[in-house]
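Written below as structure tokens is the structure these notes are about.
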Amino acid sequence: MIPPITQLTLGTQFLTLHWADGVQQECYYLWLRDNAPEARDPRNGQRLIEAIDLPTDIHAQAATLNPAGQVEITWSHEQGHSCFAPAWLRGYAALPAPRSLRLWDATLPKPYPTASYPEIREKPTALHYWLAAVADYGFALLQHVPTTSQALLQVVDLFGYVRETNYGKYFDVKSVVNPNNLAYTGLALSPHTDNPYRDPTPTLQLLHCLQNAAEGGENTLVDGFLLAETLRNRAPEHFHLLTTQPVRFRFQDKESDLVAETPLIRLDTQGQVMAVRYNNRSQAPFHFVPALIPAYYAAYRAFGQMVNNPAYQLRFKLNPGDLFIVDNERILHGRTGFSSGGTRHLQGCYADRDGLYSKLRVTNHK
Ligand code: FE2
């Protein structure tokens with residue numbers, strides 16, 4: 001329940017709202033006029049005016065509370081007035097809350113966030129909870145996906161769009177002769193994020209198991225955000241280097257030469273970790289001033305030791321019909337080696353997080 005506004009105070013630049021629970025909210029006049037309901041198209045909510053077209057000294061000639069508790073403002077420079085709903089105003093009374101994520105390590109209790117494909121296809125609430133798990137934990141599992149080729153593309157259709165790359169709309173992960181990528185061998189792959197050499201990097205990856213009769217071939221997941229926060233606490237000097245020094249990633253084959261440069265850990269303007277890229281196979285040689293190389297290697301090795309430490313890894317075997325989705329800028333994925341005795345066939349594809357978050361909001365409204 002939103003408390004009512006009990007009083008308004010007109011200042012020279014700000015209108016102060018006094019809420020019944022003691023909160024005082026200062027609203028800049030230009031901001032109010034810029035965001036007045038009549039400044040948006042009622043059919044689609046899109047803005048009709050530009051801030052540059054408003055006089056900078058616009059202010060309220062008068063402001064009153066109407067019987068419905070709304071704030072009515074008569075403007076200094078124009079005819080007419082604006083009317084603001086308390087619920088809308090209250091949404092801006094406090095600054096946005098910091099992001100809250102569930103960071104995890106190997107002690108994350110089972111069952112891991114899991115849903116059933118037929119259920120998320122039929123029920124928007126089930127889809128919502130599955131997508132919310134990806135937002136919170138950075139990954140989720142899905143069971144009962146048909147073991148047919150390209151079924152994973154239909155999973156993506158539930159929340160967004162496939163990101164096509166030089167590997168195609170999807171790719172098969174199984175042993176091949178003369179592979180252009182070590183993923184297509186039976187070798188173990190240490191945890192990594194995919195395609196760090198791409199800009200923008202795909203922000204979601206899905207891997208779907210069609211067959212898994214090989215010995216070994218367990219999947220591993222690591223929460224890169226937890227590693228970054230652990231490094232920030234234990235070794236701030238390492239953390240500083242990994243968040244400020246750009247490094248290069250590269251992938252080359254006959255058709256492609258993809259290069260991207262970024263710090264291994266990217267921070268937002270508030271200092272929160274927003275992206276992690278780590279991929280031993282496509283890491284280009286570090287190319288800094290020589291004096292920086294020893295310190296960078298110390299930081300890189302400290303991070304790499306955590307990546308490969310089982311204490312941070314979830315480990316599970318995908319069965320035919322299982323799929324996992326990861327936030328590819330947060331979660332590292334890998335696998336243990338597997339024998340050539342039985343067939344192991346996975347299909348993977350990429351998608352983008354914006355579609356997933358959009359669907360999450362839409363299913364929340366419903
Ligand atoms: Fe991968």
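The values are calculated or read from the model by the stated rules, or taken from the named source; none is laboratory data. All values derive from a computational prediction rather than experimental measurement. Don't worry about glycine lacking a Cβ; one is built from the backbone with ideal geometry, like all the others, and counts go over all protein chains shown.
Summed over region 325-348, the residues that are among the hydrophobic types (A, V, I, L, M, F, W, C) and out of contact with any His (no Cβ under 8 Å at 6 or more places or on another chain) give a count of 3. Listed conditions (1) within 33 Å of the chain's Cα centre (by Cα); (2) modelled with pLDDT of 95 or more; (3) within 26 Å of Thr269 (Cβ to Cβ) are all met by Arg47, apart from (2). Just so you know, in region 168-182 the residues that are closer than 23 Å to Gly321 by Cβ and within 12 Å of the ligand (Cβ to nearest atom) include one that is surrounded by the most Cβ atoms within 10 Å (Cβ to Cβ), and it is Val173. Is one or more of the residues making up region 292-304 at pLDDT 95 or above and under 16 Å from Ala188 (Cα atoms)? For region 292-304, residues at pLDDT 95 or above and under 16 Å from Ala188 (Cα atoms): present.
Starting from residues that are among the β-branched types (Val, Ile, Thr), farther than 15 Å from Asn280 by Cα and touching a residue at least 12 places away in the same chain (Cβ under 8 Å), keep the ones in region 293-330 and report whichever is farthest from the ligand (Cβ to nearest atom). Step through it out loud before you land on a result.
So in region 293-330, the residues among the β-branched types (Val, Ile, Thr) come out as 293, 307, 325-326.
Next, only the ones that are farther than 15 Å from Asn280 by Cα stay: 293, 325-326.
Of the ones still in play, those that are also touching a residue at least 12 places away in the same chain (Cβ under 8 Å) are 325-326.
Working: Ile325: 13, Val326: 9 Å.
Out of the qualifying residues, it is Ile325.
With a requirement of 3 or more residues that are surrounded by 17 or more Cβ atoms within 10 Å (Cβ to Cβ) and on the phi > 0 side of the Ramachandran plot, none of the strands (runs of 3 or more DSSP E) lying completely within region 287-366 satisfies it. Cβ contacts < 7 Å: first residue of a type in the set (Asp, Glu), restricted to region 337-360; second residue within 15 Å of the ligand (Cβ to nearest atom) and not in a strand (DSSP E or B), any location; separation 6+ or different chain. Result? Within 7 Å, the pairs are Asp352/Pro202; Asp352/Thr203. Just wondering, is there one or more residues in region 145-162 that are crowded, with 19+ Cβ neighbours inside 10 Å and within 16 Å of the ligand (Cβ to nearest atom)? The answer is yes, given that some residue of region 145-162 is crowded, with 19+ Cβ neighbours inside 10 Å and within 16 Å of the ligand (Cβ to nearest atom).
Taken over region 174-215, the residue count meeting the criterion of being at pLDDT below 90 and within 22 Å of Lys254 (Cα to Cα) is 12.
Residue by residue, here is whether (1) over 30 Å from Thr269 (Cβ atoms); (2) at pLDDT 95 or above; (3) in contact with a Pro (Cβ under 8 Å, 6 or more places away or on another chain) holds:
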{"position": "Pro67", "(1), (2), (3)": "yes, yes, no"}
{"position": "Ala93", "(1), (2), (3)": "no, yes, no"}
{"position": "Ala97", "(1), (2), (3)": "no, no, no"}
{"position": "Leu103", "(1), (2), (3)": "no, yes, no"}
{"position": "Ala115", "(1), (2), (3)": "yes, yes, no"}
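Every condition in (1) within 15 Å of the ligand (Cβ to nearest atom); (2) free of Cβ contacts under 8 Å to residues at least 24 places away in the same chain holds for Phe139 except the one numbered (2). Only residues that are over 25 Å from Leu182 (Cβ atoms) and either outside any loop (DSSP other than H, G, I, E, B) or within 16 Å of the ligand (Cβ to nearest atom) (or both) were counted in region 250-286, giving 4.
Restricting region 95-109 to residues that are hydrophobic (A, V, I, L, M, F, W, C) and in contact (Cβ under 8 Å) with a residue 12 or more places away in the chain leaves a set whose member that is farthest from Asn219 (Cα to Cα) is Leu101. When Ala87 is tested against the conditions (1) exposed (fewer than 14 other Cβ atoms within 10 Å of the Cβ); (2) without any contact (Cβ under 8 Å) to a residue 24 or more places away in the chain; (3) among the small types (Gly, Ala, Ser), the lone failure is (2).
Among the residues of region 183-200, those identified as farther than 22 Å from Leu314 by Cβ and within 13 Å of the ligand (Cβ to nearest atom) are Tyr184, Thr185, Tyr197, Arg198.
Could you tell me which residue of region 224-249 is surrounded by the most Cβ atoms within 10 Å (Cβ to Cβ), considering only residues that are away from the ligand (no atom under 16 Å from the Cβ) and in a strand (DSSP E or B)? Out of the qualifying residues, it is Val247. Restricting region 165-197 to residues that are in a loop (DSSP other than H, G, I, E, B) and among the β-branched types (Val, Ile, Thr), the residue that is farthest from Glu122 (Cα to Cα) is Val177.
When we screen Leu210, Leu221, Leu241 for residues that are within 15 Å of Gly348 (Cα to Cα) and of a type in the set (A, V, I, L, M), the only hit is Leu210. Scanning region 204-223 for residues that are buried (at least 20 other Cβ atoms within 10 Å of the Cβ) and within 15 Å of the ligand (Cβ to nearest atom) yields Leu204, Gln205, Leu206, Leu207, His208, Cys209, Gly217, Asn219, Thr220, Leu221, Val222.
Where strands (runs of 3 or more DSSP E) fall entirely within region 1-68, those with at least 3 residues that are surrounded by 13 or more Cβ atoms within 10 Å (Cβ to Cβ) and free of Cβ contacts under 8 Å to residues at least 24 places away in the same chain are at 14-19.
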